[in-house]
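Let me begin by presenting the structure, written as structure tokens, before commenting on it.
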Amino acid sequence: MNDPIGQAIADFINTGEASDIMVNTNYTEGETLPPSVFFRKEKKLPLIEKIALNECRGKVLDVGAAAGCHALILQKKGFEVIALEKSILATEVMKKRGIKNVVCIDILDFDKQGFDTILVLMNGTGIGQTLEGLLKLLLHLKKILNTNGQILIDSSDIRYLFEEEDGSVWIDIANSTYPGEMEYELTYKNHISRFKWLFVDFETLADVARKAGLKTKCIAEGEHFDYLAQLTIG
């Protein structure tokens, strides 16, 4: 089983430490992801994630919960929250941490309805992998969302990766793929995982959401081209 993040999370909670996860993409290489990021307390969260948690209401679904840092904060505040994660190792960690409602399943296979807030954080659009996949994800989330509910999802506009010194933007005209559809490789010990991950600018997110019958509002912007969007049924 190749589950770099899940294994790193398990090692961190079992031993109190774990080496960084190595991250390479089709645009970058040699970056690292410390497992401790999945165990942050509320005061250590970036502003966008703090705002998202403050905007939560009603029954909450935390999609891609990892080690459950967001779900645990909400649970302590009295929210009814389900932490959904497809990594078996990560879900076992969440149970150890005392999260009451943990579900180990892919979001597209989860069909329980009746949520007032669906959280999809830490570049939540990435779960869609591609623009087509993002549309499929949003259509599915809409099905399990209450009529007056909300989806809180974050992402980043990565066009800065293609900016030249003069401010112009370099575009590979031979490649018709949306630039935010990235190829990732994560390595932790002997665990290697390769997958697609989507970063999407706000205007493109709004366009995809419109196709899914959802209205989009930007409710926060971060310091590095990142933003938090609220999607509601239009």
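The values are calculated or read from the model by the stated rules, or taken from the named source; none is laboratory data. Computed from a predicted model, the values in this text were never measured in an experiment. Here Cβ is always computed from backbone atoms with ideal geometry, including for glycine, and neighbour counts include all displayed protein chains. For accessibility, only protein heavy atoms count, side chains too; no ligands or nucleic acids. Shrake-Rupley method; radii C 1.70, N 1.55, O 1.52, S 1.80 Å.
Looking only at residues in region 137-179 that are assigned to a helix (DSSP H, G or I) and at pLDDT below 95, which one is nearest to residue 111 (Cα to Cα)? Walk me through how you get there before you give the answer.
Looking only at region 137-179, we keep the residues that are assigned to a helix (DSSP H, G or I), and these are 137-144, 158-162.
Next, from what is left, pick out any that are at pLDDT below 95: 158-162.
Values: 158: 32, 159: 35, 160: 37, 161: 37, 162: 39 Å.
Result: 158.
Can you confirm whether residue 101 is open to solvent by 30 Å² or more (accessible area, probe 1.4 Å) and more than 15 Å from residue 141 (Cβ to Cβ)? Before you say what the answer is, go through the steps one by one.
On the way: open to solvent by 30 Å² or more (accessible area, probe 1.4 Å): yes; more than 15 Å from residue 141 (Cβ to Cβ): yes.
It is true that residue 101 is open to solvent by 30 Å² or more (accessible area, probe 1.4 Å) and more than 15 Å from residue 141 (Cβ to Cβ).
List the pairs whose first member sits in region 134-145 and is touching a residue at least 40 places away in the same chain (Cβ under 8 Å) and closer than 19 Å to residue 196 by Cβ, whose second member is assigned to a helix (DSSP H, G or I) and polar (S, T, N, Q), and whose Cβ atoms are under 7 Å apart, counting only residues at least 6 apart or on separate chains?
134/125
Mind counting the residues in region 1-10 that are polar (S, T, N, Q) and either in a helix (DSSP H, G or I) or open to solvent by less than 50 Å² (accessible area, probe 1.4 Å) (or both)? Give the derivation first.
Here is the first cut: in region 1-10, the residues polar (S, T, N, Q) are 2, 7.
Filter once more, so that each one left must be either in a helix (DSSP H, G or I) or open to solvent by less than 50 Å² (accessible area, probe 1.4 Å) (or both): 7.
Selection size over region 1-10: 1.
If you scan region 217-234, which residues turn out to be in a strand (DSSP E or B) and open to solvent by less than 40 Å² (accessible area, probe 1.4 Å)? Can you show your working first?
Applying the first criterion (in a strand (DSSP E or B)) to region 217-234 yields 217-221, 226-233.
Once the filter is applied, which keeps residues that are in a strand (DSSP E or B) and open to solvent by less than 40 Å² (accessible area, probe 1.4 Å), region 217-234 yields 220, 227, 228, 229, 230, 231, 232.
So, of the residues in region 11-23 that are in contact (Cβ under 8 Å) with a residue 12 or more places away in the chain and more than 18 Å from the chain's Cα centre (by Cα), which turns out to be surrounded by the fewest Cβ atoms within 10 Å (Cβ to Cβ)?
Of all residues in region 11-23, those in contact (Cβ under 8 Å) with a residue 12 or more places away in the chain come to 11-13, 18-23.
Filter again for more than 18 Å from the chain's Cα centre (by Cα), leaving 11-13, 18-20, 22.
Details: 11: 18, 12: 19, 13: 19, 18: 19, 19: 13, 20: 15, 22: 16.
Looking at the filtered set, the residue picked out is 19.
Being at pLDDT 85 or above, closer than 16 Å to residue 2 by Cβ, open to solvent by 70 Å² or more (accessible area, probe 1.4 Å) and assigned to a loop (DSSP other than H, G, I, E, B), is that true of even one residue in region 191-201?
no
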